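The next block holds one structure in the form of structure tokens; read it before the comments.
The values are calculated or read from the model by the stated rules, or taken from the named source; none is laboratory data. The model shown is predicted, which means the values in this text are computed figures rather than measured ones. Here the Cβ positions follow ideal geometry from the backbone for every residue, glycine too, while neighbour counts run over all protein chains shown. These accessible areas exclude ligands, DNA and RNA; they are computed on the full protein's heavy atoms, side chains included. Shrake-Rupley method; radii C 1.70, N 1.55, O 1.52, S 1.80 Å.
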Amino acid sequence: MLIQSHIRVDLATFDGPRKMGFLDRLLELIGFGIGIPVGLLLGFFIFRYFAPRNFKEPTTKLIEELDSNTLVDVLLELPRWVMNPDFERVDWLNKFILHMWPYIDKASCKIIISSAELTFAEYVRKFQIKSIHFDRFTLGTFPPKIHGVKVQNSNEDQLVLDLALKWAGNSDITLVIKLLSLQLTVQLVDLQISAATRIILRPFVPTFPCFSVLAISLMEKPHIDFGLRVMGGDIMAIPGLYHCVQDVVRKQLAKLYLWPQTYEIDILDSSIGADRKPIGILHVKVVRASNLLNKDFLSQSDPYVKLSLTGERLPSKKTTVKMNNLNPIWNEDFKLIIKDLASQVLQLRLYDWEKVGAHDYLGMQLVPINMLTPFEKREFTLDLFNSTDPNDPDNKTPRGQITVELNFVPFFDDSKKFSKSFDNPGTGSSQHEHEAVSFCGSGLLLVRIIRAEDVEGKHQTNPYVKIIFRGEQRKTKCIKKTRNPYWNEEVEFVLEEAPVKDMIHIEIMSKRRRLGFLSKESLGHVDMNLGDVVYNGHINEKYHLINSRDGIIHLELSWKVV
């Protein structure tokens, strides 16, 4: 009995803890399942209703609402193709420059050195300097980077590119100056440039690379940073000198190359493919001739003079005929357009006028234009020869003499190339001076007929252009069977005064021949007031043709003042 009672007690003590452990685990599970959702719910309400009340949402502003200082900080480093949709991103061009940079570096250095040598020669001549030369000149191994390109639309015969350029190079430029017994070494290091540049390729020619001049300008003052060492010492560390030198360099570069000032690099010779532009007027006065040959049997010669310039296709100008006279006096004035002062030559040819048959040749003489000093009138008395061949036996025959007065007057825009009195184009009064001169004095009116579009006649369209000005009529060549003709022809009018109140009539005509009869038809015209051309100096526009449905003509007009 005692044994059994002990056994019951032990079993009872064993089952009690098992029941309590199961209940505890059940309560834990219930508490965990209820506590987590309740805790999340309480936390949400606490966060929602007890959050700090002084919290402010971040504010956003439109870019135009920012003040100037903040705007500069935000936009300073952004490339042009981000800020301006007109600029294009040109990663391909930067890769091209990267591969070509070693060759561009050498070519650029040669151009810069050759240009600088002329300036150095002037300093050597003016000051007590023995010599100035570059000891080392390289732009380094890091090419500039283009941050955007914009192509400008233009009616001119040129391509205009605006480049946003940045360059931080490792250039090494060392200049040696020998002054008396002292030799100074100036080194330019750590050159950095940020600039908005304009590159113009002009004019287009049918010879590779299809343009003859590369013109470079600055569209704004550039940002330039560099180090300057003299005799090995960094002079830019001198207080106040750094900013002073930076400012002087920026102003000088802007004065020389800020648009419309340009730095031009000749790619092709001006005589290859490109039309030479007029640079001035040659005033010729045929005074007299003496002791001319007598080509007539029963009387004396009837002489007259033909004048022309080499390289021109225009018809020769002629004096009047002096009947039965071997010592004629003309005193007649002529004006010829000069396009190349270095190479053009005035040709004088004398003939004996004949009523029937060819006119007899009396003699000739040449006068190189480069013998003349601009604005200086000179008189020449020249012996006449049969030809320019020194071995010509007919040159030994005396043919008399001719006397002429010559005066070369350059156009106002080109005068600074020939006269020291125009050497200061940067003065503020130059623009007003140009405007004042444009309305007075003689000059040259240039009318270039470029092309037409959508011209249409009732019959076959064979267009040409007729220009009527002050009663004088000029014509272009006829282009057959086209509604979009291209002429690119230029006509010139030498005038004694500015055509401020004059009109010019430009009309497109079409002609055809049928059954032996020539018929003409007007395809449209424009009447232009030349006052705008005189005031602006140059106009290049497209005009809608009057009495034409869709016709357009492209004209370029220029007024050049002497």
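Values as computed for the structure displayed
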{"read-out": "Evaluation of Pro209 against (1) modelled with pLDDT of 85 or more; (2) surrounded by fewer than 17 Cβ atoms within 10 Å (Cβ to Cβ); (3) under 19 Å from Ser108 (Cβ atoms) (one fails), failing number", "value": "(1)"}
{"read-out": "Residue under evaluation Val356, criteria (1) open to solvent by 10 Å² or more (accessible area, probe 1.4 Å); (2) of a type in the set (A, V, I, L, M, F, W, C); (3) under 20 Å from Val561 (Cα atoms), criterion not met", "value": "(3)"}
{"read-out": "Residue among Leu188, Leu180 that is farther than 21 Å from Val149 by Cβ, of a type in the set (A, V, I, L, M) and at pLDDT 85 or above", "value": "Leu188"}
{"read-out": "Filter result (over 24 Å from the mean Cα position of the chain (by Cα) and open to solvent by 40 Å² or more (accessible area, probe 1.4 Å)) within region 544-562", "value": "His544, Ile546, Asn547, Arg549, Asp550"}
{"read-out": "Check on Glu376, modelled with pLDDT of 90 or more, among the charged types (D, E, K, R) and in a loop (DSSP other than H, G, I, E, B)", "value": "yes"}
{"read-out": "Residue satisfying all of: in region 321-344; surrounded by 14 or more Cβ atoms within 10 Å (Cβ to Cβ) and not in a loop (DSSP other than H, G, I, E, B); farthest from the chain's Cα centre (by Cα) among these", "value": "Trp330"}
{"read-out": "Count of residues meeting criterion [open to solvent by less than 60 Å² (accessible area, probe 1.4 Å) and either farther than 19 Å from Ile546 by Cβ or at pLDDT below 90 (or both)] in region 451-472", "value": "3"}
{"read-out": "Enumeration of residues in region 139-155 that are within 23 Å of Asp172 (Cβ to Cβ) and open to solvent by 50 Å² or more (accessible area, probe 1.4 Å)", "value": "Thr141, Phe142, Lys145"}
{"read-out": "Boolean, Lys475 is among the basic types (Lys, Arg), surrounded by 15 or more Cβ atoms within 10 Å (Cβ to Cβ) and at pLDDT 90 or above", "value": "no"}
{"read-out": "Residue list for region 466-480, restricted to those being in a strand (DSSP E or B), closer than 13 Å to Lys520 by Cβ and in contact with a Ser or Thr (Cβ under 9 Å, 6 or more places away or on another chain)", "value": "Lys466"}
{"read-out": "Number of the condition not met by Lys221 [criteria: (1) touching a residue at least 12 places away in the same chain (Cβ under 8 Å); (2) in the same structural domain as Pro203 (by the TED database); (3) among the charged types (D, E, K, R); (4) open to solvent by less than 80 Å² (accessible area, probe 1.4 Å)]", "value": "(4)"}
{"read-out": "Residue match in region 488-510 (condition: open to solvent by 10 Å² or more (accessible area, probe 1.4 Å), on the phi > 0 side of the Ramachandran plot and part of a strand (DSSP E or B))", "value": "yes"}
{"read-out": "Subset of region 367-388 (residues that are buried (at least 16 other Cβ atoms within 10 Å of the Cβ) and under 18 Å from Ile279 (Cβ atoms))", "value": "Val367, Ile369, Leu372, Pro374"}
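For every residue, the table says whether it meets (1) of a type outside the set (A, V, I, L, M, F, W, C); (2) open to solvent by 50 Å² or more (accessible area, probe 1.4 Å); (3) under 33 Å from the mean Cα position of the chain (by Cα).
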site	(1), (2), (3)
Glu264	yes, yes, yes
Leu293	no, no, no
Asp296	yes, no, no
Gly311	yes, yes, yes
Leu314	no, yes, yes
Lys317	yes, yes, no
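Yes/no matrix, rows are residues, columns are (1) modelled with pLDDT of 65 or more; (2) in contact with a Phe, Trp or Tyr (Cβ under 9 Å, 6 or more places away or on another chain); (3) among the basic types (Lys, Arg); (4) open to solvent by 50 Å² or more (accessible area, probe 1.4 Å):
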position: Lys56; (1), (2), (3), (4): no, no, yes, yes
position: Glu64; (1), (2), (3), (4): no, no, no, yes
position: Leu75; (1), (2), (3), (4): no, no, no, no
position: Ile104; (1), (2), (3), (4): yes, no, no, yes
position: Leu118; (1), (2), (3), (4): yes, no, no, yes
